[in-house]
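S.K.: Sharing a structure here in structure tokens format.
FYI, it's all coordinate maths here, none of it is from the lab. Worth saying up front: this structure is predicted, and the values here are computed from it rather than measured. No Cβ is skipped: glycine too gets one built from the backbone with ideal geometry, and neighbour counts run over all protein chains shown.
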Amino acid sequence: MAADTRTWVEKAVQNKDTGATSDPEAPMQSDITTGDALDAVQAEIRACRLCADRFAATHTAHDPRPVTWFRSTARILIAGQAPGMQVHQVGKPFFDRSGDRLRDWLGMDADTFYDLSRVATVPMAFCFPGYNAAGSDLPPPPQCAKTWHRPVLDGLGDVKLTILVGGHAQKFHMGAAAKGGVTRTVAAWRDVAPDVFPLPHPSWRNTAWLRKNPWFETELIPVLQARVKEVLDD
Ligand code: SF4
């Protein structure tokens, strides 16, 4: 029998499509009845429909589906951009090929990445922003971070390491220090490490960027992986 070369994401998505539930890694929204200090905020976000008209006017004409993934005990914060279409469908952050690449960069397996007690994912928008007519992802609606970031970030009391994925998150969290664009911001990673690491978006569309900037994988990634391990082991 031929070896199954699909990633665990691909297997789980197929299980979702076929209704199979036997895969222990099958997608699910996180439980929000845990007694955690952020449960109420998380429930409010999941009920949020502020961008309904905006999303209805996109090429995808979809309804809001906020994807939340955080608890107050998290030690690592992954501040991303916004869910893509696949994450919108399954309700689990970075549950796609970009997530596979991000986990490789972090040196983190999927079980650890989705361990809510240790890792939080807070994107610039909790909902998929939609595609434009050219099929590209639209930017995250600014309304989301304006409305929800303060209560969420205030509730994450024990974060030791923040990973800023892509230019939108870098501008929001780093302010003027990220004004030079993603390449310059990531190249200056030593200015903010070891508590903060700016990364390019792990989209496969950035493969050419990775080829042009080999220092990212040879210099930044080993230090990032060591820091991730240190924080998780602490
Ligand atoms: S993107 Fe954010 S503000 Fe907009 S509907 Fe979703 S949760 Fe609400």
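S.K.: How much net charge surrounds Gly84 when only other residues with a Cβ under 10 Å from its Cβ are counted (Lys, Arg +1; Asp, Glu -1)?
M.R.: Surrounding charge for Gly84 is -1.
S.K.: Same structure, new question: Which residues' amide hydrogens lie under 5 Å from the amide hydrogen of Ala37, considering only partners 5 or more residues apart or on another chain, with H built in the peptide plane?
M.R.: Correct list: Ser72.
S.K.: Moving on. Could you tell me the calculated FRET efficiency between Arg184 and Lys160, based on Cβ-Cβ distance and R0 = 30 angstrom, to the nearest 0.05? Provide the component values of the computation, followed by the final result.
M.R.: Details: r = 26 Å, r/R0 = 0.85.
That gives a FRET efficiency of 0.70.
S.K.: Any chance you could run the full-extension gain for Glu44 through Arg65? It's 0.36 nm times the residue separation minus the Cα-Cα distance, nm to one decimal.
M.R.: 6.3 nm
S.K.: Please arrange Lys92, Lys212 by how many other C-beta atoms lie within 10 Å of their C-beta, fewest to most.
M.R.: Arranged by neighbour count, lowest to highest, Lys92, Lys212 become Lys212, Lys92.
S.K.: Right, here's the next one. Does anything in the range 122-155 have its amide N under 17 Å from the 7 Å Cα→Cβ label point of Gln29, and if so which residues?
M.R.: What the label zone holds, given the 17 Å backbone N cut-off, is 122-123, 125-129.
S.K.: Pulled fully out, how much extra length does the chain show between Asp109 and Asp53, if you take 0.36 nm times their separation in residues and subtract their Cα-Cα distance?
M.R.: This chain segment gains 16.4 nm when fully extended.
S.K.: Then there is this: How many percent of DSSP beta bridges within the range 36-233 run antiparallel, rounded to 5?
M.R.: In the range 36-233, DSSP labels about 15 percent of beta bridges as antiparallel.
S.K.: Return the ratio Rg/(2.2 N^0.38 Å) for the chain, where Rg is computed over Cα atoms only.
M.R.: After normalising by residue count via 2.2 N^0.38 Å, the value is 0.99.
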